[in-house]
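Every number in this text was worked out from the coordinates using simple rules, so none of it is lab data. Predicted, not measured: the structure shown is a model, and the values here were computed from it. Ideal geometry is used to build each Cβ from the backbone, glycine not excepted, and the neighbour counts take in all protein chains shown.
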Amino acid sequence: MALLNILHYPDERLHIVAKPVTEVDDSLLTLIDDMLETMYEAHGIGLAATQVNVHKRVVVIDVSEDKTGPLVMINPKITHRDGEREYEEGCLSVPGIYDKVKRADRVTLEALGRDGKPYTLDADDLLAICIQHEIDHLDGKVFVEHLSRLKQDRILKKLKKQHQKNL
């Protein structure tokens, strides 16, 4: 397994819409393993392939306390949304930035698992929020783009300042 490089906002590659996976093969399974290792190492709870500059519709999530519940979603699609909730989100591609985003409170998801077999999942609470957040990545959208233009501008300024300090 290998750690992958996570793209940081406002990198334009984060806006590339991911393509559907046509075959679950060894290279895809390696990508999934590498994504899980990268997510755990970065102390995240979700990671979309787009965030590691692979533009395939693949997501890994683990919202368990002890990191023993990895969920693999290949070609995920939300088929039903219900309710609304505001939740403070963060993102491995937007380090150090947290803000409240409105999303559906409950979702129904269809996807392929690691084994390539289809499954349906009803999710609520943090898992539902995470699923929506990660699918946004596959669609070329970063969570800060749900915020007001003013907040987006402030976040960009803050990130540029942080980047300059790190040079």
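The modelled label-to-label distance between LEU126 and ASP33, using points 7 Å beyond Cα along the C-beta direction, is 2.7 nm.
Backbone amide hydrogens, once placed in the peptide plane, bring ASP105 within less than 5 Å of ASP82, GLY83, GLU84, ARG85, excluding anything fewer than 5 places away on its chain.
Would you kindly calculate the translational diffusion coefficient of the stretch 1-100, applying Stokes-Einstein with the Kirkwood radius from alpha carbon pairs, for 25 °C and a viscosity of 0.890 mPa s, and quote it in µm² s⁻¹ without decimals? In µm²/s, the coefficient is 169. Beta-bridge orientation, the stretch 1-158: approximately 95 percent antiparallel, per DSSP, counting only bridges with both partners inside. With Cα atoms defining each centre, the stretch 1-72 and the stretch 88-167 are spaced 13 Å apart in the structure.
Backbone N atoms of the stretch 105-140 closer than 19 Å to the 7 Å Cα→Cβ label point of GLU86 belong to residues 105-106, 125-126, 129-130, 133. What residues from the stretch 84-111 fall in the zone where the backbone N is under 16 Å from a label point 7 Å along the Cα-to-C-beta line of ASP139? Only 84-85, 101-111 fall inside the zone, counting backbone N under 16 Å. The slack between HIS43 and ARG154, meaning 0.36 nm per residue of separation minus the straight C-alpha distance, is 37.5 nm. Ignoring everything except DSSP H segments at least 4 long, calculate the 222 nm mean residue ellipticity for the chain; use -39,500 (n - 2.57) per segment, divide by total residues, nearest 500. Helix-only estimate at 222 nm: -9500 deg cm²/dmol. Length gained on full extension, ASP115 to SER64, computed as 0.36 nm times the residue gap minus the Cα-Cα distance: 16.3 nm.
Taking a point 7 Å from the Cα of VAL54 along the Cα-to-Cβ direction, the residues of the stretch 100-123 with backbone N closer than 16 Å to it are 112-116. Between the Cα long axis of helix 149-166 and the first principal axis of the chain there is an angle of about 80°, rounded to the nearest 10. Here the Gaussian network model covers the chain, with springs between Cα atoms less than 10 Å apart; of ALA128, ALA42, ALA111, ALA42 fluctuates the most.
Across the chain, C-alpha contacts under 8 Å between residues 6 or more apart give a mean separation that, scaled by the residue count, equals a relative contact order of 23 percent.
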